[in-house]
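Peer 1: Mind having a look at this structure? Questions to follow.
The values are calculated or read from the model by the stated rules, or taken from the named source; none is laboratory data. Since this is a predicted model, take the numbers as computed values, not measurements. Reconstructed Cβ throughout: ideal geometry from the backbone, glycine too, with neighbour counts over all protein chains shown.
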Amino acid sequence: MQQQARPSRPAGTPAAGPPGALRGWLDAVAVVLAGLAAMAAVAALGLWAAGTDDLPGGGFPSVLAATLALAVGGSVELDGGAGFFASVDAGITAMPLSVGLVGALTVAEVFLRQLRYRAVAGGRELLGRATRTAVVWLAALALLCAAARHTFTVTLGEGLAEQLGGALGLQPEVGFRADPATTLGLGLLWLLVVLAATFAVSRRAPLPRSLVPFQQAVRPAAFAMLLVLLGYVVLGVAAAIGTAAAHGEARQVAAVALLALPNLVWLAFGVGLGGEWHGHLVGAIGLPVPESLAAVLRTGPGQDGTVSLGTLADQDARAWWLLPLAAVLMLAAGVLAAHRSPRGVRPWQHAVRLAAAAAVTVLLVGVWTRVSADYGLSVLGVGLGQGGLGDLLASVLGPAAGPAGPAAALAGGTLTLDPQLWTLVPLAAGWGLLAGVLGALAAARLPRRGETRPVS
């Protein structure tokens, strides 16, 4: 009997692998592991550049885990002391966006590669993939929270402080831990935003058939705004290289670039659009803050400084360049979004779409660049020397901000930075409207791929 031939596998489709359910979970594990590995690599380099690689008690892995928790929206608390003799009260809520950006791009790339060779995908399948990825992600964040805790035994300092501590038999300790509720909750939200942005931006992302007609209304503008954010990061990298070459502070500049470069350049983007941030800086909080920004935030007791184009320019006249830079990049976004859209889209439609994309983008930028960090140290009025608890706090929290250095941090410090979203988001929408109209008019004169024009 002639054996019936098996149907051949269509060209371009992936080879057969594990059963469907198992393969789905393996795909989810691959997405999560790839994202965390990329984040850990960048964070480890940044922390090494910041000088936290020689922490006592082998605390570097725990500090690394805490940094990853912060990168996805979590918070870290510090506490400890030496009984009634000394106490520490501290907390940080600030996203190291360099770490988070690398993780988001990696998660998006691996997630999309698992869906290659697909033009459309069922809604149930996409929901299942997202759900499995979220479950694995939450499990990974739970392990991260368990690892992001450490307690150091330190000295109170030299002289009278050390003598009193020895006489009383005190064992000074300071520890930190990632807050599980914040890390799990906001970490899950971070993943969902990354996946949603992936499908809103990428042409490679397959959509359910019911959503395919809407992709041309969303993807060109969303992709253009993503390129604006990445363009600011590229310019920030160039500025960091120039700063390191000019001032010879390569390690400190590398620490800022590897941990918090988007925090600074995306804030500059919002300021260039006319937005404002409010906050204050007291003492040396241990976070990398530029001198002009620190000068604006160092206000009187109980007062907040306003970070805007005018206040930054008062400290450094070069800040005025943030306005034309934002205008040029927004206009480029308008041209690109219109060029990637079908010919039949009217200029006012381009304007509305880019306005919506710009408003959402700047809203996320405002939320991501929020900072709340503070700590206080009390030692019964006895000062601390070098090598004591104050230096450890400065090491855990990163390089000291401003010229005060770790010595000023011993009395405590506070850094807050909050966006004024009710003006920032409408301003971004207004810029999007203008850039959308002008971009559509400019793109109408540009040739498109595969398109021929009649010879006059």
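Peer 1: Somewhere in segment 258-270, is a residue small (Gly, Ala, Ser) and more than 16 Å from the chain's Cα centre (by Cα)?
Peer 2: No, there is no match, as no residue in segment 258-270 is small (Gly, Ala, Ser) and more than 16 Å from the chain's Cα centre (by Cα).
Peer 1: Name every residue in segment 339-353 that is among the small types (Gly, Ala, Ser) and under 12 Å from residue 432 (Cβ atoms), in order of residue number.
Peer 2: 351 - this is the single residue of segment 339-353 that is among the small types (Gly, Ala, Ser) and under 12 Å from residue 432 (Cβ atoms).
Peer 1: Still on this structure: Given the options 327, 333, 317, 337, name the one that is small (Gly, Ala, Ser) and under 26 Å from residue 371 (Cα atoms).
Peer 2: Criteria check complete, one pass: 317.
Peer 1: Right, something else. Residue 301 is checked against (1) in a loop (DSSP other than H, G, I, E, B); (2) over 24 Å from the mean Cα position of the chain (by Cα); (3) closer than 24 Å to residue 228 by Cβ and fails just one. What number does that condition carry?
Peer 2: With respect to (1) in a loop (DSSP other than H, G, I, E, B); (2) over 24 Å from the mean Cα position of the chain (by Cα); (3) closer than 24 Å to residue 228 by Cβ, residue 301 is out only on (3).
Peer 1: All but one of (1) closer than 23 Å to residue 102 by Cβ; (2) modelled with pLDDT of 95 or more hold for residue 273; state the number of the condition that does not hold.
Peer 2: (1)
Peer 1: Can you tell me which residues in segment 280-303 are at pLDDT 85 or above, touching a strand residue (DSSP E or B) at 6+ places or on another chain (Cβ under 9 Å), surrounded by fewer than 24 Cβ atoms within 10 Å (Cβ to Cβ) and within 23 Å of residue 49 (Cα to Cα)?
Peer 2: Once the filter is applied, which keeps residues that are at pLDDT 85 or above, touching a strand residue (DSSP E or B) at 6+ places or on another chain (Cβ under 9 Å), surrounded by fewer than 24 Cβ atoms within 10 Å (Cβ to Cβ) and within 23 Å of residue 49 (Cα to Cα), segment 280-303 yields only 294.
Peer 1: Pull out all pairs, ordered by first then second residue, where Cβ-Cβ is under 8 Å, the residues are six or more apart or on different chains, the first lies in segment 307-326 and is of a type in the set (Gly, Ala, Ser), and the second is surrounded by fewer than 15 Cβ atoms within 10 Å (Cβ to Cβ).
Peer 2: 313/320
Peer 1: Do you know which residues across segment 116-129 are touching a residue at least 40 places away in the same chain (Cβ under 8 Å), of a type outside the set (Ser, Thr, Tyr) and surrounded by fewer than 18 Cβ atoms within 10 Å (Cβ to Cβ)?
Peer 2: 116, 118, 119, 120, 121, 122, 123, 128
Residue-wise test of (1) hydrophobic (A, V, I, L, M, F, W, C); (2) more than 26 Å from residue 351 (Cα to Cα); (3) at pLDDT below 90.
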residue: 210; (1), (2), (3): no, no, yes
residue: 213; (1), (2), (3): no, no, yes
residue: 216; (1), (2), (3): no, no, yes
residue: 220; (1), (2), (3): no, no, no
residue: 225; (1), (2), (3): yes, no, no
residue: 228; (1), (2), (3): yes, no, no
residue: 233; (1), (2), (3): yes, no, no
residue: 236; (1), (2), (3): no, yes, no
residue: 245; (1), (2), (3): yes, yes, yes
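Peer 1: Residues of segment 244-269 being surrounded by fewer than 16 Cβ atoms within 10 Å (Cβ to Cβ) and either in contact (Cβ under 8 Å) with a residue 60 or more places away in the chain or not acidic (Asp, Glu) (or both), which ones?
Peer 2: 245, 246, 247, 248, 250, 251
Peer 1: Now a separate question. Pick out the one residue from 340, 346, 318, 370 that is farther than 20 Å from residue 426 by Cα, at pLDDT below 95, out of contact with any Lys or Arg (no Cβ under 6 Å at 6 or more places or on another chain) and surrounded by 15 or more Cβ atoms within 10 Å (Cβ to Cβ).
Peer 2: On inspection, the qualifying residue turns out to be 340.
Peer 1: Would you check which residues across segment 43-73 are modelled with pLDDT of 85 or more, aliphatic (A, V, I, L, M) and more than 13 Å from residue 148 (Cα to Cα) and list them?
Peer 2: Passing the criteria: 43, 44, 45, 47, 49, 72.
Peer 1: Kindly list, by first and then second residue, each pair from a residue in segment 135-151 that is β-branched (Val, Ile, Thr) to a residue that is at pLDDT 95 or above, limited to pairs with Cβ atoms under 6 Å and residues at least 6 apart or on different chains.
Peer 2: 136/28; 136/29; 136/32
Peer 1: Now a separate question. Check segment 210-217 and report whether any residue there is out of contact with any helix residue (DSSP H, G or I) (no Cβ under 6 Å at 6 or more places or on another chain) and within 24 Å of residue 95 (Cα to Cα).
Peer 2: No, segment 210-217 has no match at all.
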